[in-house]
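Peer 1: Below are the structure tokens for one structure; questions will follow.
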Amino acid sequence: MARELFAPGKVLIGVVHLLPLPGSPRWNGNLKSVLNRAKMEAGILHDGGAHGIIVENFGDAPFRTGRVQPETVAAMTLAVESVRASVPLPVGINMLRNDAISALAVAVATGAEFIRVNVHYGVMATDEGIVEGEAHETTRRRHSLNADVRILADVLVKHAAPMGQTDIGLVAQETTRRALADGLIVSGPATGQPTNSFDVSAVRRAVPDGFVLVGSGITESNVTRILEHADGAIVGTSLKKEGVVSKPVDPDRVRRLADTFASL
């Protein structure tokens, strides 16, 4: 289970949203600026009290539904290695839109502790097209690599609609028991939008001993209510200056939210 990666208490995982990487439409040709920004924001998250960091190729929108390009994997590897070298925290990878195999490869190469998989099990209709879970391939690849990398899987991920089972509790059970996820993520409908606390409680009832994180919309004002039945959260937007996802991480927002987590 992924719980053992983190200290006791409610877990705050901050997000490093990478600037556009090579191969994406807005790539500006300067990888050094990408790496410097990543290291700076990782340092702010660490100093502010975050318990872990997840690195995302967030600037690469619009995202691919299949494997990302080799140049993207190479740049992500450098970014994750830079973050891991700069902060003594568990580090994870989310290779958007849903490239778990590349994320796993980066984790193995860098020693990162976990990956986030938006669609690990089942089929979702997303902004980018139909996305099918590849739990069968991801878990076998992890085993063949003898990789101690935890899989945190979204349950009915944001920016998507399910094509099939919509009972979030059943999906949570199957993602854990049949797809072998090490932790589950419950999010709202879109980036920065609050997660429904009823969804979180439904997942908790379905997997009472599981590691459950909230994946979107956590703020200082709603954290106590939404995290009642969760082990922690992945937080990006509300830690940015003015709460705007495209802006840099705000040290004051990180410290305040980390203090709130510590009091729960």
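Peer 1: Only one residue in 57, 36, 94, 30 is farther than 15 Å from residue 152 by Cβ and open to solvent by less than 40 Å² (accessible area, probe 1.4 Å). Which one?
Peer 2: 57
Peer 1: Sticking with this one: Among the residues that make up the stretch 229-245, is at least one of them open to solvent by 50 Å² or more (accessible area, probe 1.4 Å), more than 30 Å from residue 133 (Cα to Cα), free of Cβ contacts under 8 Å to residues at least 60 places away in the same chain and assigned to a helix (DSSP H, G or I)?
Peer 2: Within the stretch 229-245, one or more residues are open to solvent by 50 Å² or more (accessible area, probe 1.4 Å), more than 30 Å from residue 133 (Cα to Cα), free of Cβ contacts under 8 Å to residues at least 60 places away in the same chain and assigned to a helix (DSSP H, G or I).
Peer 1: Kindly list the number of the only condition in (1) surrounded by 19 or more Cβ atoms within 10 Å (Cβ to Cβ); (2) in contact with an Asp or Glu (Cβ under 6 Å, 6 or more places away or on another chain) that fails for residue 22.
Peer 2: (1)
Peer 1: Follow-up. For residue 71, are the conditions met, namely being open to solvent by 40 Å² or more (accessible area, probe 1.4 Å), touching a Pro at 6+ places or on another chain (Cβ under 7 Å) and either assigned to a helix (DSSP H, G or I) or over 20 Å from residue 236 (Cβ atoms) (or both)?
Peer 2: yes
Peer 1: Give just the number: which of (1) assigned to a loop (DSSP other than H, G, I, E, B); (2) open to solvent by 30 Å² or more (accessible area, probe 1.4 Å); (3) out of contact with any strand residue (DSSP E or B) (no Cβ under 8 Å at 6 or more places or on another chain) does residue 156 not satisfy?
Peer 2: If we test residue 156 against (1) assigned to a loop (DSSP other than H, G, I, E, B); (2) open to solvent by 30 Å² or more (accessible area, probe 1.4 Å); (3) out of contact with any strand residue (DSSP E or B) (no Cβ under 8 Å at 6 or more places or on another chain), just (3) comes out false.
Peer 1: Going through the stretch 184-202 one residue at a time, which ones are surrounded by fewer than 24 Cβ atoms within 10 Å (Cβ to Cβ), under 16 Å from the mean Cα position of the chain (by Cα) and under 29 Å from residue 149 (Cβ atoms)?
Peer 2: 188, 189, 190, 191, 192, 193
Peer 1: Run down 193, 165 and say which single residue is within 21 Å of residue 95 (Cα to Cα) and assigned to a loop (DSSP other than H, G, I, E, B).
Peer 2: 193
Peer 1: Got a number for residues in the stretch 172-183 being over 18 Å from the mean Cα position of the chain (by Cα) and in a loop (DSSP other than H, G, I, E, B)?
Peer 2: 1
Peer 1: Something else: Looking at 120, 143, 159, 136, which is the one that is modelled with pLDDT under 95 and out of contact with any Phe, Trp or Tyr (no Cβ under 6 Å at 6 or more places or on another chain)?
Peer 2: After applying the criteria, what remains is 159.
Peer 1: If you don't mind, another one. Inside the stretch 26-67, can you point out the residues that are small (Gly, Ala, Ser), part of a loop (DSSP other than H, G, I, E, B) and within 15 Å of residue 96 (Cβ to Cβ)?
Peer 2: Passing the criteria: 61, 66.
Peer 1: Could you list, in sequence order, the residues of the stretch 97-132 that are open to solvent by 20 Å² or more (accessible area, probe 1.4 Å) and in a loop (DSSP other than H, G, I, E, B)?
Peer 2: 111, 113, 121, 122, 127, 128
Peer 1: Hey, among 211, 261, which residue is open to solvent by less than 30 Å² (accessible area, probe 1.4 Å), in contact (Cβ under 8 Å) with a residue 40 or more places away in the chain, closer than 17 Å to residue 116 by Cα and of a type outside the set (Gly, Ala, Ser)?
Peer 2: Being open to solvent by less than 30 Å² (accessible area, probe 1.4 Å), in contact (Cβ under 8 Å) with a residue 40 or more places away in the chain, closer than 17 Å to residue 116 by Cα and of a type outside the set (Gly, Ala, Ser) holds for just one of 211, 261, which is 211.
The values are calculated or read from the model by the stated rules, or taken from the named source; none is laboratory data. Being a predicted model, the structure only gives us computed values, none of them experimental. Quick reminder, even Gly has a Cβ in these numbers, built from the backbone with ideal geometry, and neighbours come from all protein chains shown. The protein model used for the area step is the full one, side chains on, heavy atoms only, and it has no ligands, DNA or RNA in it. Shrake-Rupley method; radii C 1.70, N 1.55, O 1.52, S 1.80 Å.
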